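Below is one structure; the comments refer to it alone.
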Amino acid sequence: MAQLDYHTHWNCECGQCTCFPPGDNRVHGKTCECDDRQCEDMDGNVCGGHGLCSCGRCVCEDGWFGQLCQHPRKCNMTEDESKSFCESANGILCSGKGNGVCSCGNCECWEGWNGNACEIWLGTEYP
């Protein structure tokens, strides 16, 4: 029997999952867990044209930051303003795991870490 879950965008049958909508490669992964449509703004621009989408999260180019890479990096903000951009919804700064530091409203990630809050491990061997 097929398992269908429209909330998570997949249909699995005999161990094979088909992501919805069919043919839309923006929803992908073994169990369709990655929804790259989350990286699009209202106009359909991916990561504001200033980054790449990785499993539903923008990885911004140098000089850009924000959930959709919508903010140019400039250092004319106070420390409190800077920290407000680096904090997650629960107030944790740059993932709170020591994966980077907040600098001018942007989490500067240590080698191997990426993402707006240094929460994505892209290195070869997990520390």
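The values are calculated or read from the model by the stated rules, or taken from the named source; none is laboratory data. Because the structure is a prediction, the values reported are computed rather than measured. Glycine gets a Cβ as well: all are built from the backbone with ideal geometry, and neighbour counts include every protein chain shown.
Looking at the stretch 59-91, which of its residues are among the β-branched types (Val, Ile, Thr) and within 15 Å of Ile120 (Cα to Cα)?
Val59, the sole residue that qualifies.
Scan the strands (runs of 3 or more DSSP E) fully inside the stretch 8-127 and keep the ones with 1 or more residues being among the charged types (D, E, K, R) and out of contact with any strand residue (DSSP E or B) (no Cβ under 7 Å at 6 or more places or on another chain).
Ranges flagged: 10-13.
Can you tell me how many residues within the stretch 65-86 are at pLDDT 80 or above, charged (D, E, K, R) and closer than 23 Å to Cys39 by Cα?
Qualifying residue count for the region: 1.
Going by the conditions given, is Glu61 within 22 Å of Cys94 (Cα to Cα), at pLDDT 80 or above, among the acidic types (Asp, Glu) and not assigned by TED's automatic domain parsing to the domain that holds Leu93?
yes
So which pairs qualify, if the first residue must be in the stretch 21-48 and surrounded by fewer than 16 Cβ atoms within 10 Å (Cβ to Cβ), the second must be polar (S, T, N, Q) and at pLDDT below 85, the Cβ gap must be under 8 Å, and the two must be at least 6 apart or on different chains?
Short answer, once both residue conditions are applied: Thr31/Thr8; Glu33/Thr8; Asp41/Gln70.
Name every residue in the stretch 56-80 that is touching a residue at least 60 places away in the same chain (Cβ under 8 Å) and not aliphatic (A, V, I, L, M), in order of residue number.
Hit for the stretch 56-80 is Arg57, nothing else.
Which of the following residues is under 28 Å from Cys17 (Cβ atoms) and over 15 Å from the mean Cα position of the chain (by Cα): Cys32, Cys55?
Cys32
Run down Gly56, Gly29, Gly112 and say which single residue is closer than 23 Å to Gly123 by Cβ and touching a Phe, Trp or Tyr at 6+ places or on another chain (Cβ under 7 Å).
When all the criteria are applied, what remains is Gly112.
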